[in-house]
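For reference, the structure is listed below as C-alpha cells.
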There are 2 protein chains.
Amino acid sequence: MPDPVLEALERFLRRLLARSSLTAEEQRAILSADCVVLRPAAHRDLVIPGAKVDFSLLVAGGLAGRFDQMADGRRQITALHIPGDMCDLHSVPVPIPGWGITALTNSTIVKVPHSHLRRIAERYPAIADAFWRDTIVDGSVLSKWVSNLGRRSGEARLAHMYCEMGTRMELADLGTRERFDLPLRQAQAADVLGLTAVHVNRLLQGLRRQGLVRTDGPTVFVDDLPQLERIADFDPAYLLLKGKLAPRPPGT
Amino acid sequence: MPDPVLEALERFLRRLLARSSLTAEEQRAILSADCVVLRPAAHRDLVIPGAKVDFSLLVAGGLAGRFDQMADGRRQITALHIPGDMCDLHSVPVPIPGWGITALTNSTIVKVPHSHLRRIAERYPAIADAFWRDTIVDGSVLSKWVSNLGRRSGEARLAHMYCEMGTRMELADLGTRERFDLPLRQAQAADVLGLTAVHVNRLLQGLRRQGLVRTDGPTVFVDDLPQLERIADFDPAYLLLKGKLAPRPPGT
DNA sequence: CGTGGTTTTGATTGTTGTCAAATGGAGTGG
DNA sequence: CCACTCCATTTGACAACAATCAAAACCACG
C-alpha cells in the first residue's frame with residue numbers, strides 16, 4: 001500500500017513542475033516534508049476563518065473548498081481544490097487566512113507544516129518562486145471566477161465550472177475533460193456558482209436536455225465539449241498552462 | 001516639482017512596508033528602478049489580455065482597473081488600483097497575463113521594467129517575499145469579491161465597494177474612510193459590481209436616501225460609516241492590515 | 001421497511017436586466 | 001452669451017432570470 005503522504009506530495013510537485021522548473025535537489029526538498037494525514041468526512045470544516053494556522057492543507061484525495069461565510073451563515077465557495085492542490089499556500093507568509101477550508105466530500109488531506117515550507121522556500125529561491133507562481137495561478141483562477149459571477153448567466157457559469165474542472169482534472173491526471181469525478185452536491189455547486197440549489201438543479205437539467213453533460217453519481221460525462229465550451233465562453237489561458245494541454249478534445 | 005516616478009515608487013514601497021519588513025538597502029533597491037511615465041486618458045487600455053508584457057504598471061495618480069472581457073465585449077473589472085498599487089506584479093514571473101489593464105480615469109502610470117523587478121527579487125529574498133505577500137493580498141481581495149458577487153445583493157455590493165475603497169484610501173494616505181476620491185463612472189462601477197449602470201444608479205440613490213453616502217463629482221462622503229459597514233457586512237480582515245487601521249471611525 | 005439526505009417539481013415573488021427616452025452639466029464654437 | 005454637442009445621470013415601463021417556499025420523488029443505507 002503506497003504512502004498517501006508521499007503520493008500527495010508527488011502530485012503537488014507535479015503540479016508545481018507544470019509551471020516552474022526545479023532541480024532534483026529542490027524536488028527532494030519538497031518531498032521530504034513530515035506530515036500528518038487527516039480523513040475528514042464530507043462537510044467537515046478544516047480551517048475556520050480568522051483562526052491562526054501553522055500548516056497548509058494538501059489534498060490527497062477527494063475534494064476541498066475554500067469558503068467565505070456571510071453574517072447570516074450563507075456560504076460562497078471561492079476555490080475548489082482537487083488532489084495535488086495545496087489549499088493554503090497563502091498562509092505560509094500570512095498565517096491568518098481570511099477564509100475557511102472545508103472538506104466537500106469524504107477526503108484525504110495532508111497537513112504540511114509551515115515550518116517546512118518556510119524553510120525550503122528560504123533555502124531554495126526556485127522553490128519560493130514556484131510557490132509565488134502557484135499563488136498567481138490561484139489568483140488568476142479567482143479573477144476568472146469574479147468575471148464569471150459578475151458577467152455570465154447561471155447556465156454559462158455552470159458550464160464554465162465543468163470546463164474548468166475537467167481541464168484541471170485532465171492536467172492532474174485524474175481523468176479527462178470528457179470524463180472525470182466531481183463529487184459535488186448540487187447545494188455545494190450552488191455555493192460555488194453564487195446560485196441556489198434549486199436553480200442549479202434546473203440549469204443542470206437544461207444542460208442534460210441539450211445533450212452536453214451527463215452525470216452518474218460523482219462522475220461527469222461531457223458529451224459535447226466544444227458546445228459546452230462555447231456556451232461557457234471558456235478559454236483555458238487563465239489556468240496558465242503553457243500549452244500543456246492538447247488543443248482538441250481526444251476521440252472523434 | 002517632485003519626480004512622479006520616485007513619488008510613485010515611494011508609495012509602492014510604503015504599501016509593501018505595511019505588510020513586510022525591508023532593510024534600508026532593500027528599500028533603496030526598490031526605489032532605484034528606471035521607469036517610463038505614461039499619462040493615459042480615461043478609458044485607454046494599457047495592457048491587452050493575452051499580450052506579452054515586459055513591465056509592470058504602477059499607479060502614480062488616478063485609478064486603474066484590471067478587467068476580463070467576455071466574448072460579446074462586456075467587461076468585468078476584477079481589481080481596482082489606486083496610487084501606490086502595482087497592477088501587474090503577477091506578470092513578473094508569468095509575463096502573459098490573462099487579463100487587461102485599463103485607465104479608468106485620466107491617470108499617471110509608471111512602467112516598471114520586469115528586468116528590474118526580477119533582478120531585485122533574485123538578489124534580495126526579502127523583496128521576493130514582499131512581492132509574494134503583495135500577490136496574496138491581491139488574491140485575498142479577489143476572494144472577497146467572489147463572495148460579494150456570489151452571495152450579496154446589489155446594495156450590499158455597492159456599500160462594500162465604498163467600504164473597501166475608503167479603507168484602502170485611508171491606508172494609503174489618500175483620504176479617510178469618510179471622505180475620499182473615487183473617480184468612477186456609474187457604468188464603471190457597474191463593471192466592478194457585476195450590475196448594469198441603470199441599476200447602480202438606482203442603488204446609489206437608495207444609499208443616498210438612507211443618508212449613508214453623498215457624492216460630489218469624484219468625491220465620496222460617507223456620512224454613516226457604521227451603518228454602511230453593517231449593510232455591506234464589511235470586515236476589513238481580508239485586507240491583511242495587521243491592526244494598521246484605527247478601530248473606530250474618527251470624529252464623534 | 002423506515003430513515004435521512006439529495007434531487008426534482010410546482011407556484012409565486014422579487015431582484016436585476018433591457019430598452020428607450022428625458023434630463024443635466026461641462027466644454028466648444030459661433 | 002447662446003446654441004450645440006457629448007457624455008453621464010436619471011426616469012419609466014416592462015421582461016427575464018433567479019430566489020423563495022413548500023412538497024413530492026428518489027435513493028442509499030441500516
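Which one of A:Q227, A:Q188, A:Q205 is within 16 Å of DNA strand D (Cβ to nearest atom) and either free of Cβ contacts under 8 Å to residues at least 60 places away in the same chain or in contact with a strand residue (DSSP E or B) (Cβ under 6 Å, 6 or more places away or on another chain) (or both)? Answer to the check: A:Q205.
Please work out which residue is farthest from B:E7 (Cα to Cα), limiting yourself to the range B:71-93 and to residues that are surrounded by 20 or more Cβ atoms within 10 Å (Cβ to Cβ) and without any contact (Cβ under 8 Å) to a residue 60 or more places away in the chain. Give the steps one after another, and end with the answer.
To start, the set of residues in the range B:71-93 that are surrounded by 20 or more Cβ atoms within 10 Å (Cβ to Cβ) comprises B:75-93.
Narrowing further to those that are without any contact (Cβ under 8 Å) to a residue 60 or more places away in the chain: B:81, B:87-93.
Values: B:H81: 16, B:C87: 16, B:D88: 18, B:L89: 18, B:H90: 22, B:S91: 22, B:V92: 22, B:P93: 25 Å.
Result: B:P93.
Just to verify a result, which residue in the range B:3-26, among those that are in contact (Cβ under 8 Å) with a residue 24 or more places away in the chain and outside any helix (DSSP H, G or I), is farthest from the chain's Cα centre (by Cα)? Taking the candidates together, the pick is B:T23. Going residue by residue through the range A:162-171, is there one that turns out to be surrounded by fewer than 17 Cβ atoms within 10 Å (Cβ to Cβ), out of contact with any Asp or Glu (no Cβ under 7 Å at 6 or more places or on another chain), at pLDDT 95 or above and not assigned by TED's automatic domain parsing to the domain that holds A:E10? Checked the range A:162-171: no residue is surrounded by fewer than 17 Cβ atoms within 10 Å (Cβ to Cβ), out of contact with any Asp or Glu (no Cβ under 7 Å at 6 or more places or on another chain), at pLDDT 95 or above and not assigned by TED's automatic domain parsing to the domain that holds A:E10. Take A:H160 and decide whether it is within 16 Å of DNA strand C (Cβ to nearest atom) and not hydrophobic (A, V, I, L, M, F, W, C). In short, no. In the range B:160-174 there is no residue matching the filter, namely being more than 17 Å from B:P236 (Cα to Cα) and small (G, A, S).
All of (1) away from every other protein chain (no Cβ under 12 Å); (2) touching a residue at least 12 places away in the same chain (Cβ under 8 Å) hold for B:D68 with one exception: (1).
Let's see how each residue does on (1) within 10 Å of chain A (Cβ to nearest Cβ); (2) in contact with a Ser or Thr (Cβ under 8 Å, 6 or more places away or on another chain); (3) crowded, with 23+ Cβ neighbours inside 10 Å:
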| position | (1), (2), (3) |
| --- | --- |
| B:R119 | no, no, no |
| B:P125 | yes, no, no |
| B:R133 | yes, yes, no |
| B:V137 | yes, no, no |
| B:V141 | yes, no, no |
| B:W145 | yes, yes, yes |
| B:R151 | yes, no, no |
| B:A156 | yes, no, no |
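Pick from the range A:183-241 the residues that are among the small types (G, A, S) and crowded, with 21+ Cβ neighbours inside 10 Å: which of them is farthest from B:G150 (Cα to Cα)? Break it down into steps so the answer makes sense when it comes.
Here is the first cut: in the range A:183-241, the residues among the small types (G, A, S) are A:187, A:189-190, A:194, A:197, A:206, A:211, A:217, A:232, A:237.
Add one more test, that the residue is crowded, with 21+ Cβ neighbours inside 10 Å, and what stays is A:189-190, A:194, A:232.
Working: A:A189: 12, A:A190: 9, A:G194: 4, A:A232: 17 Å.
Taking the candidates together, the pick is A:A232.
Assess whether B:I96 counts as being surrounded by fewer than 17 Cβ atoms within 10 Å (Cβ to Cβ), closer than 20 Å to B:T135 by Cα and not assigned by TED's automatic domain parsing to the domain that holds B:A189.
Numbers: surrounded by fewer than 17 Cβ atoms within 10 Å (Cβ to Cβ): yes; closer than 20 Å to B:T135 by Cα: yes; not assigned by TED's automatic domain parsing to the domain that holds B:A189: yes.
Yes; evaluated as a whole, the condition is true for this residue.
For B:T105, the conditions (1) under 30 Å from A:R157 (Cα atoms); (2) within 16 Å of DNA strand C (Cβ to nearest atom); (3) not aromatic (F, W, Y) all hold with the exception of (1). With the structure loaded, tell me whether B:A60 is within 20 Å of the chain's Cα centre (by Cα) and either more than 27 Å from B:G175 (Cα to Cα) or touching a residue at least 12 places away in the same chain (Cβ under 8 Å) (or both) or whether it fails that test. Considered against the rule, which asks whether it is within 20 Å of the chain's Cα centre (by Cα) and either more than 27 Å from B:G175 (Cα to Cα) or touching a residue at least 12 places away in the same chain (Cβ under 8 Å) (or both), B:A60 comes out as yes.
Considering the range B:69-93 alone, what residues qualify as being in a loop (DSSP other than H, G, I, E, B) and over 24 Å from A:D134 (Cα atoms)? Across the range B:69-93, the qualifying residues are B:M70, B:A71, B:D72, B:G73, B:R74, B:I82, B:P83, B:G84. If you go through the range A:185-241 and keep only what is within 10 Å of DNA strand C (Cβ to nearest atom), within 14 Å of chain B (Cβ to nearest Cβ) and of a type in the set (A, V, I, L, M, F, W, C), you end up with A:A187, A:A189, A:A190, A:A197, A:V200.
The values are calculated or read from the model by the stated rules, or taken from the named source; none is laboratory data. Please read these numbers as outputs of a predicted model, since none were measured by experiment. Methodologically, a virtual Cβ is constructed for each residue, glycine included, from the backbone with ideal geometry; neighbour enumeration extends over all protein chains shown.
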